[in-house]
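Trainee: One structure is given below, represented as structure tokens, and several questions about it will come after.
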Amino acid sequence: MHKPPEDEPEERLSVTPPEEWAAGVPAVAHAIEYSLRQTSPRRAGRTLLTMNQVDGVDCPGCAWADPSPGHRHRNEYCENGAKHINDEATSRRITADFFRRHPVSELARRSDLWLNQQGRLTEPMVKRPDSDHYEPVSWHEALGLIAAELTSLDSPDEAVFYTSGRVSNEAAFVLQLFARAFGTNNLPDCSNMCHESSGFALHETLGTGKGTVTLHDLHHADLIFLVGQNPGTNHPRQLSALEEAKRNGARIVAVNPLPEAGLLRFKNPQQPSGVLGRGIRIADRFLQIRTGGDLALFQGLNRLLVEAEDAAPGTVLDQDFIDSHTSGFEDFSRHVREIGWDDIRSATGLAREEIEAVRDEVLRSRRVIVCWAMGVTQHKHGVPTIREIVNFLLLRGNLGRAGSGACPVRGHSNVQGDRTMGIWEQMPDAFLDALRQEFGFEPPRAHGLDSVDSIKAMRDGRIKLFLGVAGNFVRAAPDTAVTEEAMRRCRLTAHISTKLNRSHAVCGRTALILPTLGRTERDVQSGGEQFVTVENSMSEVHTSRGRLRPASTLLLSEVAILCRLARTTLGDDPGIPWQQFEADYGTLRERISRVVPGLHEFNRRVIRPGGIRLPNPVNEGVFRTSAGKALFSRNAWQMPLAPEGHLLLQTLRSHDQWNTIPYTADDRYRGIRGSRQVVLVNPEDVAGLGLTAGQRVDLVSVWANAEERRAADFEVVPYPSARGCAAAYYPETNVLVPLDSVAEGSNQPTSKALVVRLEPTGAAADRSEEARA
Ligand SMILES: Nc1nc2c(c(=O)[nH]1)N[C@H]1C(S)=C(S)[C@@H](COP(=O)(O)OP(=O)(O)OC[C@H]3O[C@@H](n4cnc5c(=O)[nH]c(N)nc54)[C@H](O)[C@@H]3O)O[C@H]1N2
Ligand SMILES: Nc1nc2c(c(=O)[nH]1)N[C@H]1C(S)=C(S)[C@@H](COP(=O)(O)OP(=O)(O)OC[C@H]3O[C@@H](n4cnc5c(=O)[nH]c(N)nc54)[C@H](O)[C@@H]3O)O[C@H]1N2
Ligand code: SF4
Ligand SMILES: [Mo]
């Protein structure tokens, strides 16, 4: 990106030692401070009081589950949830006048932070082909423009329909129904960049793409692994669940290249002792692993368990479970015995004794849960790593049993629900058959495009139209320069959004902004006031009802926009009553209940306190794999390698951002304030590379065929990361992620392992100057 215009404040970095604990009084104070900068105390208070309560609004933050209805606090949210919700409930507004003052070319030079801070979008806008300005447009004309473009395509497969996990089940279902009735499975979503590796590996080995645990399981586990996730920032109420587990005697092992505050200690702001006291220690053991070392770690652990069984037959492995519920054990155990300790050591950076100590923890524990997130999935070998975690759980029968299981911790509040509703470019035939049966059309069967393949298709001119529902595709996607160019090649791009972001500024020849109601707002349709539903990380489907007055009278709900667009494009269809769906979402849920297994009597059951828990077959001992059993797998040892003079760079979230949107330039727990243009490097690596603290460097990512990508002008911050492993913030560093660098199997971008070199800023220019001289 270019340098932002001058009226944006200059960044000035200040660094203090990282915090050793998460939450407590400062968390409460920060949440209130951010909320009051966005909106009035009354509006902020109204949203917070109903947040995550029965019949209230679901937090638009992460997908962490709520405690059962009788066990909720009056304030059942975290610091970050409060910030996310008030970022939406902000009193700031963007009107037509704003777009008169700011041409699109200027908006494209603005920072993500500035764009978001301008407030809520309030009326539909269009940028016409030869204009540099968005101008107001009626809903009728806006939807007509998209429909005309859609119907003029040579094939329905020349359009893509992107969604992010921020949308409701109802909107997600309508979107996929529209896309398929139109004739394409091109339904890329944020999950393609998030937990795709989890879904893929779990499907392969267990026959389900979802996690198997509930909050109750977590509360009653003996041993919990937190692998590649930063709960203090990204799933803060997970810390409350871990606190309860610890009170019940659980032990916790954290695996991370960074000593994250939330992994160390936690002060629960909802408990008096948490506000005042020293808090509770979360991790009993912290394994400071090298980036990308988790496959080798679990292989080492599995090898130790298999050998422990050899030494004391019949005492270590759950042979009954293995015999009756799994397949492939012999092959797996032969393979895992051959994994060498030197390889494990080089991949993990951990001493064998550290892994043996974890084995002993495992041997003392009857019930074990493994939680993981982006530190595991966003790797070339994300899929085999998760398969190896499954091997680990299978060995001692830790699947389908209370207090144990697999817990992929989901990101967006309804990302899991989107999948349940059919947002996937490769939905199985059973789902498509059900759609045909219910709506009387033949859905396309060929797999569609996911996020990475959509970018390639746009780049190559095979996609002409991009519709985004929530999200910020150009910032979320890898290889920023390529993605932006691809987006600009589209004939038409349109975004259904609550707030302004870069995807509105880096757009197609014709571009549309379709402003929508947020989850916090009242949604009144001709059939009366509506609620929507969402599914959390633990497969619980429940209602969400907004209470605030909408940001503008011109807003439409996501369901309304999509139903009108479908009708404008496809015409009236007796099989799909779009108008009725828009008027009364209950009629839509009625149809969903006949398409999606587990949601029978959707309308009646979802309004009960706590909602519906979708069954996970694994917990009934059913494995829908090819063999009808859980599959052990053999996974070749692998690790990402950085050549001499290079580092492995992970791209991650600060404490003060929601995905592509920074709220401020601060990252409080890591002690970084005032700037996000930083790279965190182990102090010995700083010295070893001949760099100094505070030095300005370009991050240069190196990739096959000597192609280089550059993110310019970052400050070096010595930070206690694992040796050889650096970290910098997403989305500023997405420019470094090669489009072709994806996880095997899941096609997910490898945002956690980029090979980079740090080059003093200006050095490249100096060199070419010299060459010219
Ligand atoms: N406040 C806030 N909350 C959020 C989000 C947000 O942006 N802001 N985003 C939401 C979304 S969509 C998602 S997907 C989740 C993401 O939740 P996380 O997965 O926690 O998010 P990241 O910041 O990407 O952090 C990844 C963590 O993995 C560690 N890590 C990196 N590489 C490795 C590795 O190779 N091995 C191991 N063991 N650890 C590694 C990093 O040090 C970091 O602690 O959060 C959700 N919640
Ligand atoms: N390098 C790197 N890249 C990554 C990641 C990483 O760790 N590193 N993480 C990946 C992950 S896990 C994810 S999930 C993606 C996130 O990718 P996205 O989900 O695409 O991005 P968000 O930043 O969540 O989208 C924010 C925008 O959503 C819109 N929005 C918010 N609420 C609503 C709503 O209620 N309705 C509608 N219609 N719009 C709304 C607003 O306009 C806002 O600007 O990024 C991925 N990209
Ligand atoms: S933990 Fe997640 S869902 Fe819960 S309040 Fe915080 S951000 Fe919202
Ligand atoms: Mo995510």
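The values are calculated or read from the model by the stated rules, or taken from the named source; none is laboratory data. No experiment lies behind these values; they were computed from the predicted model shown. Here the Cβ is made from the backbone with ideal geometry for all residues, glycine too, and neighbour counts use every protein chain on show. Please note that ligands, DNA and RNA were not included when accessible areas were found on the heavy atoms of the full protein model with its side chains. Shrake-Rupley method; radii C 1.70, N 1.55, O 1.52, S 1.80 Å.
Trainee: What are the residues in the stretch 524-536 that are open to solvent by 20 Å² or more (accessible area, probe 1.4 Å) and within 15 Å of ligand 2 (Cβ to nearest atom), if any?
Mentor: Applying the first criterion (open to solvent by 20 Å² or more (accessible area, probe 1.4 Å)) to the stretch 524-536 yields 524-529, 531-532.
Selection gives Phe531, Val532.
Trainee: So if I check each of Glu715, Glu708, which one is free of Cβ contacts under 8 Å to residues at least 12 places away in the same chain, more than 15 Å from ligand 2 (Cβ to nearest atom) and part of a strand (DSSP E or B)? Walk me through it before giving the result.
Mentor: Details: Glu715 fails: free of Cβ contacts under 8 Å to residues at least 12 places away in the same chain.
None of the other options fit; the residue is Glu708.
Trainee: Hey, does the stretch 392-407 have a residue that's within 18 Å of the chain's Cα centre (by Cα), open to solvent by less than 30 Å² (accessible area, probe 1.4 Å) and in contact (Cβ under 8 Å) with a residue 24 or more places away in the chain?
Mentor: Checking the stretch 392-407: at least one residue is within 18 Å of the chain's Cα centre (by Cα), open to solvent by less than 30 Å² (accessible area, probe 1.4 Å) and in contact (Cβ under 8 Å) with a residue 24 or more places away in the chain.
Trainee: Out of Gly571, Gly575, I need the residue that is of a type outside the set (Asp, Glu), out of contact with any Ser or Thr (no Cβ under 9 Å at 6 or more places or on another chain) and on the phi > 0 side of the Ramachandran plot. Which one? Give the derivation first.
Mentor: Details: Gly575 fails: on the phi > 0 side of the Ramachandran plot.
Just a single option satisfies the conditions, and that option is Gly571.
Trainee: Continuing with this model, one more query. Can you confirm whether Ala22 is modelled with pLDDT under 85, closer than 27 Å to Leu680 by Cα, open to solvent by less than 40 Å² (accessible area, probe 1.4 Å) and not in a helix (DSSP H, G or I)?
Mentor: yes
Trainee: State which residue is surrounded by the most Cβ atoms within 10 Å (Cβ to Cβ) when the search covers only the stretch 409-444 and only residues that are aliphatic (A, V, I, L, M) and part of a helix (DSSP H, G or I).
Mentor: By that ranking, first place goes to Val415.
Trainee: Pick out, from the stretch 479-585, the helices (runs of 4 or more DSSP H) lying fully within it that include 1 or more residues that are within 30 Å of Arg46 (Cβ to Cβ).
Mentor: In the stretch 479-585, the matching helices (runs of 4 or more DSSP H) lie at 502-505, 558-570, 578-583.
Residues checked against (1) in the same structural domain as Asp157 (by TED's automatic domain parsing); (2) away from ligand 2 (no atom under 16 Å from the Cβ):
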| site | (1), (2) |
| --- | --- |
| Thr377 | no, no |
| Arg387 | no, yes |
| Gly397 | no, yes |
| Gly448 | yes, yes |
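Trainee: Also, I was wondering about something else. One residue is enough: does the stretch 589-607 have a residue meeting the conditions of a type in the set (Gly, Ala, Ser) and more than 26 Å from the chain's Cα centre (by Cα)?
Mentor: Yes, that holds for at least one residue.
Okay, residues lined up against (1) open to solvent by less than 20 Å² (accessible area, probe 1.4 Å); (2) of a type in the set (S, T, N, Q); (3) modelled with pLDDT of 95 or more:
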| site | (1), (2), (3) |
| --- | --- |
| Gly279 | no, no, no |
| Arg285 | no, no, yes |
| Ile289 | yes, no, yes |
| Asp294 | yes, no, yes |
| Asn302 | yes, yes, yes |
| Glu309 | no, no, yes |
| Gly314 | no, no, yes |
| Leu317 | yes, no, yes |
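Trainee: Which one of these does Phe161 not meet: (1) in contact (Cβ under 8 Å) with a residue 40 or more places away in the chain; (2) assigned by TED's automatic domain parsing to the domain that holds Leu467; (3) open to solvent by 10 Å² or more (accessible area, probe 1.4 Å)?
Mentor: Of (1) in contact (Cβ under 8 Å) with a residue 40 or more places away in the chain; (2) assigned by TED's automatic domain parsing to the domain that holds Leu467; (3) open to solvent by 10 Å² or more (accessible area, probe 1.4 Å), only one is false for Phe161: (3).
Trainee: Looking only at residues that are in contact (Cβ under 8 Å) with a residue 24 or more places away in the chain and in a loop (DSSP other than H, G, I, E, B) in the stretch 599-609, which one is surrounded by the fewest Cβ atoms within 10 Å (Cβ to Cβ)?
Mentor: Ranking the candidates gives Pro609 first.
Trainee: Would you check which residues across the stretch 208-223 are open to solvent by 30 Å² or more (accessible area, probe 1.4 Å) and part of a loop (DSSP other than H, G, I, E, B) and list them?
Mentor: Lys210, His220, Asp222
Trainee: Sticking with this one: Considering only residues that are open to solvent by 20 Å² or more (accessible area, probe 1.4 Å) and among the β-branched types (Val, Ile, Thr), which ones fall in the stretch 553-592?
Mentor: Residues satisfying the conditions are Thr553, Thr568, Thr587.
Trainee: Are there helices (runs of 4 or more DSSP H) fully within the stretch 228-325 with at least 1 residues that are farther than 19 Å from Val336 by Cα, touching a residue at least 60 places away in the same chain (Cβ under 8 Å) and polar (S, T, N, Q)? List them.
Mentor: 231-234, 236-247
Trainee: When you check Arg46 against the structure, is it in contact with a strand residue (DSSP E or B) (Cβ under 9 Å, 6 or more places away or on another chain), more than 16 Å from ligand 2 (Cβ to nearest atom) and farther than 30 Å from Tyr719 by Cβ, yes or no? Full working, then the answer.
Mentor: Working: in contact with a strand residue (DSSP E or B) (Cβ under 9 Å, 6 or more places away or on another chain): yes; more than 16 Å from ligand 2 (Cβ to nearest atom): yes; farther than 30 Å from Tyr719 by Cβ: yes.
Yes: the conditions hold for Arg46.
Trainee: Just one of Gln53, Gln38 is surrounded by 13 or more Cβ atoms within 10 Å (Cβ to Cβ) and within 16 Å of ligand 2 (Cβ to nearest atom); which is it?
Mentor: Gln38
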